[in-house]
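S.K.: First the structure, which I've put down as structure tokens, then a few questions once you've had a look.
The values are calculated or read from the model by the stated rules, or taken from the named source; none is laboratory data. A quick note: this is a predicted structure, and the numbers were derived from the prediction, not measured. Every residue, glycine as well, gets a Cβ built from its backbone with ideal geometry; the counts of neighbours run over all protein chains shown.
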Amino acid sequence: MKIAISGKGGVGKTTLAGALARYLAENGKRILAIDADADSNLASALGVPKDKLEGLTPIAEMNNLIEERTGAKKGSFGIFFKLNPKVDDLPERFSVDHKGVKLLILGSVPQAGGGCFCPENVLLKGLIRHLFLQRDDTVIVDMEAGLEHLGRGSTKGMDLFIVVVEPGQRSLQTARHIKKLAYDLGIPKIFIVGNKVASEKDQRIITEGLSDMELLGFIPFDSQIMDADRDGVSPYDINSSLKEAIKEIANNMEKKIPSF
Ligand SMILES: Nc1ncnc2c1ncn2[C@@H]1O[C@H](COP(=O)(O)OP(=O)(O)O)[C@@H](O)[C@H]1O
Ligand SMILES: [Mg+2]
């Protein structure tokens, strides 16, 4: 199962990606968590200790690797480079393991249809294709907030899109855009998770505002989740209401997606 987590900025994509990865790993799944946000912070949501991250560079910034694999320097245009660089060893070589989750930090994802036709994009696209089409782990991708990267190149092979929303019209509007894009891209399943929900009214704003989308569950608003971010620890390790909510979300995924 290849899962992408999307939504407006700040709605809780990274929080959900981290907690879901930890929960599924605890329950016996082999998890590869991919940080595809240029502003990477999935490691902290997963609770990866700082010393394990030392010396780890996002793939997009590994200039030597880009040159070694494609035969050309990062950022070069108009010269020949390999269009099919070797990538299958990268997840093992450049990921860190934490509590059963393997974390790989991409650092950025090429923009749909655009971005430069340059060595680093070719390497990243090849790697993403490999992750979605050739690995048998459960892959969870923490996406960037914008929609520009949602193209065929970065979503082929994705089974499931989870759009995180909060009780607010702007995040609902973003969810509608993503739904349309996902449909156009041929992504088979798209679900929503309502986050930062503090009341029944908040729940209704989401279910009524997105009545044509399927809901996997709600995560309550809880100041402990913000405290975790402030203190650089995983909310999954300190907040029991988040754990409960994730359990319910995972159960619903199992019910609604037979192949999960
Ligand atoms: N359920 C919640 N209750 C309270 N704060 C939350 C909750 N979910 C996320 N947050 C906080 O909101 C901020 C943004 O969350 P984050 O997961 O980084 O969002 P995104 O990845 O979508 O930008 C963080 O400070 C996080 O701690
Ligand atoms: Mg994030």
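S.K.: Of the residues VAL109, VAL87, only one is of a type outside the set (D, E, K, R) and within 30 Å of ALA175 (Cβ to Cβ); which? Walk me through how you get there before you give the answer.
M.R.: Numbers: VAL87 fails: within 30 Å of ALA175 (Cβ to Cβ).
Only one candidate passes the filter, namely VAL109.
S.K.: With GLY18, GLY28 as the choices, which residue is of a type outside the set (Ser, Thr, Tyr) and within 16 Å of ligand 1 (Cβ to nearest atom)? Can you show your working first?
M.R.: Values: GLY28 fails: within 16 Å of ligand 1 (Cβ to nearest atom).
Criteria check complete, one pass: GLY18.
S.K.: Continuing with this model, one more query. For SER108, state whether it is under 15 Å from the mean Cα position of the chain (by Cα) and among the polar types (S, T, N, Q).
M.R.: Numbers: under 15 Å from the mean Cα position of the chain (by Cα): yes; among the polar types (S, T, N, Q): yes.
It is true that SER108 is under 15 Å from the mean Cα position of the chain (by Cα) and among the polar types (S, T, N, Q).
S.K.: If you don't mind, there's one more thing I want to ask. Here's a check for you: in region 3-40, which residue that is at pLDDT 95 or above and among the charged types (D, E, K, R) is farthest from the chain's Cα centre (by Cα)?
M.R.: Going through the qualifying residues, I end up with GLU26.
S.K.: Also: Test ALA43 against the criterion of being crowded, with 20+ Cβ neighbours inside 10 Å and under 16 Å from the mean Cα position of the chain (by Cα), and give yes or no. It would help to see each step written out before you state the result.
M.R.: On the way: crowded, with 20+ Cβ neighbours inside 10 Å: yes; under 16 Å from the mean Cα position of the chain (by Cα): yes.
Yes: the conditions hold for ALA43.
S.K.: Residue check, LYS189 against (1) over 18 Å from the mean Cα position of the chain (by Cα); (2) surrounded by 15 or more Cβ atoms within 10 Å (Cβ to Cβ); (3) of a type in the set (D, E, K, R), all met but one. Which one?
M.R.: (1)
S.K.: Restricting to region 192-207, count the residues that are of a type in the set (Asp, Glu) and surrounded by fewer than 15 Cβ atoms within 10 Å (Cβ to Cβ). Full working, then the answer.
M.R.: In the first step, residues of region 192-207 are kept if they are of a type in the set (Asp, Glu); the result is 200, 202.
Now drop any that are not surrounded by fewer than 15 Cβ atoms within 10 Å (Cβ to Cβ), which leaves 200.
Looking only at that region, the number is 1.
S.K.: Go through region 239-260 and report how many residues are surrounded by fewer than 16 Cβ atoms within 10 Å (Cβ to Cβ) and either free of Cβ contacts under 8 Å to residues at least 60 places away in the same chain or among the hydroxyl-bearing types (Ser, Thr, Tyr) (or both).
M.R.: First, pick out the residues of region 239-260 that are surrounded by fewer than 16 Cβ atoms within 10 Å (Cβ to Cβ): 240-241, 244, 247-248, 251, 254-256, 258-259.
After this cut, where a residue has to be either free of Cβ contacts under 8 Å to residues at least 60 places away in the same chain or among the hydroxyl-bearing types (Ser, Thr, Tyr) (or both) as well, the list is 240-241, 244, 248, 251, 254-255, 258-259.
Residues in region 239-260 being surrounded by fewer than 16 Cβ atoms within 10 Å (Cβ to Cβ) and either free of Cβ contacts under 8 Å to residues at least 60 places away in the same chain or among the hydroxyl-bearing types (Ser, Thr, Tyr) (or both): 9 in total.
S.K.: Which numbered condition in (1) touching a helix residue (DSSP H, G or I) at 6+ places or on another chain (Cβ under 6 Å); (2) away from ligand 2 (no atom under 16 Å from the Cβ); (3) of a type in the set (Gly, Ala, Ser); (4) in contact (Cβ under 8 Å) with a residue 60 or more places away in the chain is the only one that ALA72 fails?
M.R.: (4)
S.K.: Would you say ASP142 is surrounded by fewer than 23 Cβ atoms within 10 Å (Cβ to Cβ) and at pLDDT 90 or above? Write out each step before concluding.
M.R.: Details: surrounded by fewer than 23 Cβ atoms within 10 Å (Cβ to Cβ): no; at pLDDT 90 or above: yes.
Spelling it out, it is not the case that ASP142 is surrounded by fewer than 23 Cβ atoms within 10 Å (Cβ to Cβ) and at pLDDT 90 or above.
S.K.: To continue, here is another question. Go through (1) hydroxyl-bearing (Ser, Thr, Tyr); (2) under 24 Å from PRO110 (Cβ atoms); (3) buried (at least 19 other Cβ atoms within 10 Å of the Cβ) and name the single condition TYR183 misses.
M.R.: Tallying (1) hydroxyl-bearing (Ser, Thr, Tyr); (2) under 24 Å from PRO110 (Cβ atoms); (3) buried (at least 19 other Cβ atoms within 10 Å of the Cβ), TYR183 fails exactly one: (3).
S.K.: Let me ask you something else. Scan the helices (runs of 4 or more DSSP H) fully inside region 1-67 and keep the ones with 1 or more residues being out of contact with any helix residue (DSSP H, G or I) (no Cβ under 8 Å at 6 or more places or on another chain) and within 12 Å of ligand 2 (Cβ to nearest atom).
M.R.: Values: elements: 13-26, 42-46, 50-53.
Hits in region 1-67: 13-26.
S.K.: Continuing with this model, one more query. Within region 208-232, which residues are in contact (Cβ under 8 Å) with a residue 40 or more places away in the chain, more than 16 Å from ligand 2 (Cβ to nearest atom) and surrounded by 15 or more Cβ atoms within 10 Å (Cβ to Cβ)?
M.R.: Let us first name the residues in region 208-232 that are in contact (Cβ under 8 Å) with a residue 40 or more places away in the chain, namely 209-210, 213-214, 216, 219, 225, 229, 232.
Filter once more, keeping what is more than 16 Å from ligand 2 (Cβ to nearest atom): 209-210, 213-214, 216.
Those that are in contact (Cβ under 8 Å) with a residue 40 or more places away in the chain, more than 16 Å from ligand 2 (Cβ to nearest atom) and surrounded by 15 or more Cβ atoms within 10 Å (Cβ to Cβ): GLY209, LEU210, MET213, LEU216.
S.K.: Oh, and also: Of the residues GLY113, GLY126, which is small (Gly, Ala, Ser) and modelled with pLDDT under 90?
M.R.: Values: GLY126 fails: modelled with pLDDT under 90.
After ruling out the rest, the residue left standing is GLY113.
S.K.: Same structure again: Please identify the pairs in which a residue from region 18-29 that is over 17 Å from ILE238 (Cβ atoms) has its Cβ atom under 8 Å from the Cβ atom of a residue that is buried (at least 21 other Cβ atoms within 10 Å of the Cβ), counting only partners at least 6 apart or on another chain.
M.R.: Matching pairs, first to second residue: LEU24/ILE31; LEU24/ILE140; ALA25/ILE31; ALA25/VAL101.
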